Amino acid sequence: MDASRPCSYMDDMELEPVFSAIADTLRAIPRSELLIAAVAAMVLGWFGAMIAKRSMLGGWLRMVSSLALGLILLTVVLQLSRFDPRFDVAVPQIGLPEQVVAGGETRIPLSADGHFWVRAEVNGAPGNFMIDTGATLTAISAPLAQRAGLEPRRGGIPIMLGTANGTVQAHVATIDSLTFGNVSASGTDAAIAENFGDFNVIGMNVLARLGSWRVEDNTLILVPRAEDMIS
């Protein structure tokens with residue numbers, strides 16, 4: 001047995017809440033303060049450049065300015081993730097809540113970004129999926145579709161999907177195997193579009209095949225039918 005594995009697991013468990021707390025703190029910073037901080041950092045960098053040839057302090061000031069601007073940029077990205085679902089995938093990867101299988105159910109805790117996320121496999125290729133009860137069709141990003149060997153149906157007519165960033169054109173493919181938790185679905189339709197970025201969604205066409213699903217205490221509980229259950 002590898003003695004280092006328990007330590008690594010404990011480290012991950014301890015760091016996840018820290019990363020989530022940092023992300024929440026950065027998101028809460030007012031935009032006005034970010035603007036003032038960005039201007040101050042640029043002025044600091046400009047002043048550092050002015051005195052860099054005469055003093056080592058100039059180099060330090062420029063480095064501090066660069067670090068400050070980088071942190072401000074990260075903060076802006078995290079704040080934008082509230083409004084653009086294509087950015088949501090960046091947040092759960094810091095600390096994706098673990099889906100738990102118990103008593104014939106898959107239990108998925110609510111993520112820090114307010115969505116339910118699962119780690120699923122499409123034809124054996126893994127990817128992070130947001131479960132969206134408002135989405136009629138399951139949607140898969142082009143990179144994941146390529147890894148899973150998915151091809152649009154021959155002769156199929158492109159469909160138009162509404163997203164937070166407008167309407168995008170997509171093609172429909174059939175997933176031979178979609179698995180997550182103790183759920184296994186075959187012959188599932190999915191939309192593939194280049195404009196999804198690396199964003200994936202499990203929609204109602206999959207949830208409707210379950211025996212039942214419900215939300216209790218910020219936990220999504222999925223109960224597959226007997227024929228779709230992974231033992």
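The values are calculated or read from the model by the stated rules, or taken from the named source; none is laboratory data. All values reported here derive from a predicted model rather than from experimental measurement. Reconstructed Cβ throughout: ideal geometry from the backbone, glycine too, with neighbour counts over all protein chains shown.
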- Report yes if some residue within the stretch 195-207 is at pLDDT below 90, farther than 20 Å from ASP113 by Cα and not in a helix (DSSP H, G or I); otherwise report no. no
- When you look at THR106, is it hydroxyl-bearing (Ser, Thr, Tyr), at pLDDT 75 or above, crowded, with 16+ Cβ neighbours inside 10 Å and not in a loop (DSSP other than H, G, I, E, B), yes or no? yes
- Message: I need a count of the residues in the stretch 52-74 that are among the basic types (Lys, Arg) and in a helix (DSSP H, G or I).
- Response: 1
- Answer yes or no as to whether ALA90 is modelled with pLDDT under 75 and closer than 30 Å to GLY45 by Cβ. yes
- Filter the stretch 166-193 down to residues that are loosely packed, with under 13 Cβ neighbours inside 10 Å and modelled with pLDDT under 85, then give me how many there are. 3
